[in-house]
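Beneath this line is the structure, given in structure tokens, with notes to follow.
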Amino acid sequence: MKVLVPVKRVIDYNVKVRVKADGAGVDLANVKMSMNPFDEIAVEEAIRLKEAGKVDEVVVVSIGVEKAQETLRTALAMGADRAILVVATDDVHNDIEPLAVAKILKKIVEKEEPGIVICGKQAIDNDLNATGQMLSALLGWSQATFASELSIEGDKAIVTREVDGGLQTIKVNLPSVVTVDLRLNEPRYASLPNIMKAKKKPLDVVNAEDLGVDVSPRLKIKNTGEPEARAAGIKVGSVDELVEKLKEMGAV
Amino acid sequence: MAVLILAELNGNQLSEDATAKAVSAAKELGEVHVLCASSDCSGAAQSAAKLSGVAKVLCIDSGVFGNGMAEPIADLVVSISDDYEHIIAPATNSAKNILPRVAALLDVMVITDITAVVNSNTFERPIYAGNAIQTVESSDQKKVISVRTANFEAVAASGNANIENINSGIVSSLSEWMEDKVAASDRPELTSAGAVVSGGRGVGSDTDFAMIEKLADKLGAAVGASRAAVDSGYAPNDWQVGQTGKVVAPDLYVAVGISGAIQHLAGMRTSKVIVAINTDPDAPIFTKADYGIVGDLFKIVPLLTEEFKKTLS
């Protein structure tokens, strides 16, 4: 069985986001970009499935600008076997919407025929939390979102999910789309020899147009602004003073 | 056209606070209908019918929808979607699972976690962990939307809507529910509590987390945790407050031993009053807190608990 893992190139988790003053968006020029942290967890899980003999091949795919090649190379250095880059825009500020991403992924799935797709539950840039569910819908497959445990047993996957009050375990038919949550695993770092080896692994490049998918957005971004600022308050010297202040404000 | 709200159910009971906040976001957009789908959900339908501003409740009593599985519920919503321009649910994990599937089946973009309704096509939503707020205008015929409940006031329970029982031939063959592990608690629910006490890595261990719980219980508060505390095993997953956990906006938020990473701040920055207790005077949490105490939380928290015991009893 083959596993397909979509990965997204996003602003690095540790970079402070700067909102452009003209409301046009977040400045992504010359900032450090990395693999979406949830997608790293998805890549790690796929590699572990391969190491456990549950799958034979790990294929990673990224959709976006040409530079997303770097993100794919990172996944290859972690241990993925092969990569596909779908170039859908030449501007890093042009975020391809999950619906279009899901349509592109559907085309890739039809060609590659994986037994399971494992993806991050959300990207830390648009925070939409949608691509996995949308892909599952378009394929007519089962879905298991927010996974904190995954095991493959024959033609089913058993997935423990993070739900509002705790955990839920479900059994889904394969093929399936699984989206991963933070606590599924801790992704490995790529070693230097593996980074060198990754440069020689196959990476195919295709264009979104060639796949016949319209990537024009459904949501027009009218404005991107700073959130309402919250002024720093005061430091109090003692517990008594704190309780007094809270009482004054009617907070307790 | 009317608005369809997917009721948030906990088993066969209505999660009234979350659903009432979604109704509040939806009521400007058209006549509000609420869908309750579960086994034995007539009680939930009756609670939904009382929510002010609801015109009709659709109740479908079927085990197929009993455990909140996304595939059959998405099919159900799509099957009745002709009459609706907006399909809305509170942004709970349950709705986050279902709504994007609904949107893809309708060939529309989902709009998640909205914090404000500008007009019937235009909405505000946070991006980059709340570090920016985006205003988006949808060009789709139907809008599928999840609502960040912390940003909307719940409607009152003073209505009296009609309940219409409906049927569907939808079957579920793709997935199967096995087990829920949900901890029972007498504490208020995290996302609707009036006060929240959260602990971070500074608390140091799961046994010491009891101190946080004690303070919370004294205040009648829910207990939260930072991602660091959850990852370290001090607190269960569903206590996590932040970008990828729960978003809360209580009247009082007490952050204990939490440094204040942006991912955590994204989950609590709209709280009315924020109190921070931390040993590090430069911790970023102090830049957001109304009141901060620099010091050893192991001394301060018991003192504070004691003080509240005196003043609140």
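The values are calculated or read from the model by the stated rules, or taken from the named source; none is laboratory data. Quantities reported herein were computed from a predicted structural model and do not represent experimental measurements. In this analysis, Cβ positions are derived from the backbone assuming ideal geometry, glycine residues included, and neighbour counts consider all displayed protein chains. Just so you know, the surface numbers come from the protein's heavy atoms only, side chains and all, with ligands and any DNA or RNA stripped out. Shrake-Rupley method; radii C 1.70, N 1.55, O 1.52, S 1.80 Å.
Which pairs have Cβ atoms under 8 Å, sit 6 or more apart or on different chains, and link a residue in the range B:290-313 that is aromatic (Phe, Trp, Tyr) to one that is in a helix (DSSP H, G or I) and open to solvent by 20 Å² or more (accessible area, probe 1.4 Å)?
B:TYR291/A:LYS245; B:PHE298/B:MET211; B:PHE308/B:LYS218; B:PHE308/B:LEU219
Among the residues of the range B:127-157, count how many are closer than 26 Å to B:ALA193 by Cβ, in contact (Cβ under 8 Å) with a residue 24 or more places away in the chain and not in a helix (DSSP H, G or I).
Total meeting the criteria: 11.
Kindly indicate whether any position in the range B:55-70 is assigned to a helix (DSSP H, G or I), over 18 Å from the mean Cα position of the chain (by Cα) and facing another protein chain (nearest Cβ under 10 Å). Spell out the reasoning first.
Here is the first cut: in the range B:55-70, the residues assigned to a helix (DSSP H, G or I) are B:63-65, B:70.
With over 18 Å from the mean Cα position of the chain (by Cα) added as a condition, the list becomes B:63-65.
Now restrict to residues that are facing another protein chain (nearest Cβ under 10 Å): none.
No.
Go through the range B:203-214 and report how many residues are touching a residue at least 60 places away in the same chain (Cβ under 8 Å) and either open to solvent by 40 Å² or more (accessible area, probe 1.4 Å) or in a strand (DSSP E or B) (or both).
So the first thing to find is which residues in the range B:203-214 are touching a residue at least 60 places away in the same chain (Cβ under 8 Å), and the list is B:203, B:208, B:211-212, B:214.
If we keep only those that are either open to solvent by 40 Å² or more (accessible area, probe 1.4 Å) or in a strand (DSSP E or B) (or both) as well, we get B:208, B:214.
Of the residues in that region, 2 qualify.
Out of all the residues in the range A:184-198, is one or more modelled with pLDDT of 95 or more, in a strand (DSSP E or B) and open to solvent by less than 60 Å² (accessible area, probe 1.4 Å)?
Within the range A:184-198, none of the residues are modelled with pLDDT of 95 or more, in a strand (DSSP E or B) and open to solvent by less than 60 Å² (accessible area, probe 1.4 Å).
Could you list all residues from the range B:65-123 that are at pLDDT 95 or above and at positive phi?
Listed by number, the residues that qualify are B:ASP107, B:ASP113.
Being open to solvent by 90 Å² or more (accessible area, probe 1.4 Å) and under 17 Å from B:ILE285 (Cβ atoms) is the filter; apply it to the range A:228-252 and report the residue that is nearest to the other protein chains (Cβ to nearest Cβ).
A:LYS235
Report, by residue number, each residue of the range B:14-27 that is open to solvent by 10 Å² or more (accessible area, probe 1.4 Å) and hydrophobic (A, V, I, L, M, F, W, C).
Residues of the range B:14-27 that are open to solvent by 10 Å² or more (accessible area, probe 1.4 Å), as a first pass: B:14-18, B:21, B:24, B:27.
Within the range B:14-27, B:LEU14, B:ALA18 meet the criteria.
Mind checking which strands (runs of 3 or more DSSP E) fall wholly inside the range A:63-172 and carry at least 2 residues that are touching a residue at least 24 places away in the same chain (Cβ under 8 Å)?
Working: elements: A:82-87, A:116-120, A:142-153, A:156-163.
In the range A:63-172, the matching strands (runs of 3 or more DSSP E) lie at A:82-87, A:116-120, A:142-153.
May I ask you to verify whether A:LYS220 is facing chain B (nearest Cβ under 7 Å), modelled with pLDDT under 95 and open to solvent by 50 Å² or more (accessible area, probe 1.4 Å)?
Numbers: facing chain B (nearest Cβ under 7 Å): yes; modelled with pLDDT under 95: no; open to solvent by 50 Å² or more (accessible area, probe 1.4 Å): yes.
Spelling it out, it is not the case that A:LYS220 is facing chain B (nearest Cβ under 7 Å), modelled with pLDDT under 95 and open to solvent by 50 Å² or more (accessible area, probe 1.4 Å).
Which one is nearest to the other protein chains (Cβ to nearest Cβ) among residues in the range B:113-126 that are hydrophobic (A, V, I, L, M, F, W, C) and in contact (Cβ under 8 Å) with a residue 40 or more places away in the chain? Don't jump to the end; show me each part of the working.
Of the residues in the range B:113-126, the ones hydrophobic (A, V, I, L, M, F, W, C) are B:114, B:116-118, B:123.
This time we only want the ones that are in contact (Cβ under 8 Å) with a residue 40 or more places away in the chain, so: B:114, B:117.
Numbers: B:ILE114: 12, B:VAL117: 14 Å.
Only one residue fits best here, namely B:ILE114.
May I ask you to verify whether B:ALA48 is open to solvent by less than 30 Å² (accessible area, probe 1.4 Å), of a type in the set (A, V, I, L, M, F, W, C) and at the interface with chain A (Cβ under 7 Å from one of its Cβ atoms)?
On the way: open to solvent by less than 30 Å² (accessible area, probe 1.4 Å): yes; of a type in the set (A, V, I, L, M, F, W, C): yes; at the interface with chain A (Cβ under 7 Å from one of its Cβ atoms): no.
It is false that B:ALA48 is open to solvent by less than 30 Å² (accessible area, probe 1.4 Å), of a type in the set (A, V, I, L, M, F, W, C) and at the interface with chain A (Cβ under 7 Å from one of its Cβ atoms).
Select from the range B:171-198 the residues that are out of contact with any Gly (no Cβ under 6 Å at 6 or more places or on another chain) and either at pLDDT 95 or above or assigned to a strand (DSSP E or B) (or both) and list them in ascending order.
If the condition is that a residue be out of contact with any Gly (no Cβ under 6 Å at 6 or more places or on another chain) and either at pLDDT 95 or above or assigned to a strand (DSSP E or B) (or both), then B:LEU174, B:SER175, B:GLU176, B:TRP177, B:MET178, B:GLU179, B:ASP180, B:ALA195, B:VAL197 are the ones that fit.
Does B:VAL117 satisfy the criteria of being farther than 26 Å from B:GLY267 by Cβ and not in a helix (DSSP H, G or I)?
On the way: farther than 26 Å from B:GLY267 by Cβ: no; not in a helix (DSSP H, G or I): yes.
The answer is no for B:VAL117.
Every residue in the range B:127-163 that is open to solvent by less than 50 Å² (accessible area, probe 1.4 Å), modelled with pLDDT under 95 and of a type in the set (S, T, N, Q), please.
Selection gives B:ASN131, B:THR149.
Only one residue in B:GLY11, B:GLY30 is modelled with pLDDT under 95 and either surrounded by fewer than 23 Cβ atoms within 10 Å (Cβ to Cβ) or touching an Asp or Glu at 6+ places or on another chain (Cβ under 8 Å) (or both), so which one is that?
Criteria check complete, one pass: B:GLY11.
Within the range B:261-270, take every residue that is more than 17 Å from B:ARG125 (Cβ to Cβ) and part of a loop (DSSP other than H, G, I, E, B) and give me the one that is farthest from the chain's Cα centre (by Cα).
Here the answer is B:ALA261.
What number of residues in the range A:111-157 are of a type in the set (Lys, Arg) and either more than 11 Å from A:VAL172 (Cα to Cα) or surrounded by 21 or more Cβ atoms within 10 Å (Cβ to Cβ) (or both)?
Residues of the range A:111-157 of a type in the set (Lys, Arg): A:111, A:121, A:156.
Checking which are either more than 11 Å from A:VAL172 (Cα to Cα) or surrounded by 21 or more Cβ atoms within 10 Å (Cβ to Cβ) (or both) leaves us with A:111, A:121.
So the answer is 2.
Among the residues of the range B:271-300, how many are hydroxyl-bearing (Ser, Thr, Tyr) and part of a helix (DSSP H, G or I)? Before the answer, list the steps.
Filtering the range B:271-300 down to residues hydroxyl-bearing (Ser, Thr, Tyr) leaves B:271, B:279, B:287, B:291.
Adding the requirement that they be part of a helix (DSSP H, G or I) leaves B:287.
Qualifying residue count, the range B:271-300: 1.
For B:LYS246, only one of the following conditions fails: (1) facing chain A (nearest Cβ under 9 Å); (2) more than 16 Å from the chain's Cα centre (by Cα). What is its number?
Failed condition: (2).
Can you report the number of residues in the range A:1-30 which are without any contact (Cβ under 8 Å) to a residue 40 or more places away in the chain and open to solvent by 40 Å² or more (accessible area, probe 1.4 Å)? Don't jump to the end; show me each part of the working.
Within the range A:1-30, the subset without any contact (Cβ under 8 Å) to a residue 40 or more places away in the chain is A:12, A:14-18, A:21-22, A:27, A:30.
Subset that is open to solvent by 40 Å² or more (accessible area, probe 1.4 Å): A:14, A:16, A:18, A:21-22, A:30.
Residues that pass the stated criteria total 6.
Go through (1) at pLDDT 95 or above; (2) of a type in the set (Asp, Glu); (3) over 17 Å from the mean Cα position of the chain (by Cα) and name the single condition B:ASP40 misses.
Single failed check for B:ASP40: (1).
Of the residues that sit in the range B:164-177 and are over 14 Å from B:LEU76 (Cα atoms) and open to solvent by less than 80 Å² (accessible area, probe 1.4 Å), which one is nearest to the chain's Cα centre (by Cα)?
The selected residue is B:SER175.
Collect the residues in the range B:224-234 that are more than 11 Å from every other protein chain (Cβ to nearest Cβ), open to solvent by 10 Å² or more (accessible area, probe 1.4 Å) and over 9 Å from B:HIS264 (Cβ atoms), keeping them in residue-number order.
Passing the criteria: B:SER232, B:TYR234.
Quick one: A:GLU110 ticks every box in (1) under 26 Å from A:VAL87 (Cα atoms); (2) facing another protein chain (nearest Cβ under 7 Å) bar one, so which box is it?
Only one criterion in (1) under 26 Å from A:VAL87 (Cα atoms); (2) facing another protein chain (nearest Cβ under 7 Å) is unmet by A:GLU110, namely (2).
Here is a list: A:ILE63, A:ILE84, A:ILE11. Which entry is under 21 Å from A:VAL180 (Cβ atoms) and out of contact with any Asp or Glu (no Cβ under 8 Å at 6 or more places or on another chain)? Show your work before the answer.
Working: A:ILE84 fails: out of contact with any Asp or Glu (no Cβ under 8 Å at 6 or more places or on another chain); A:ILE11 fails: out of contact with any Asp or Glu (no Cβ under 8 Å at 6 or more places or on another chain).
It is A:ILE63.
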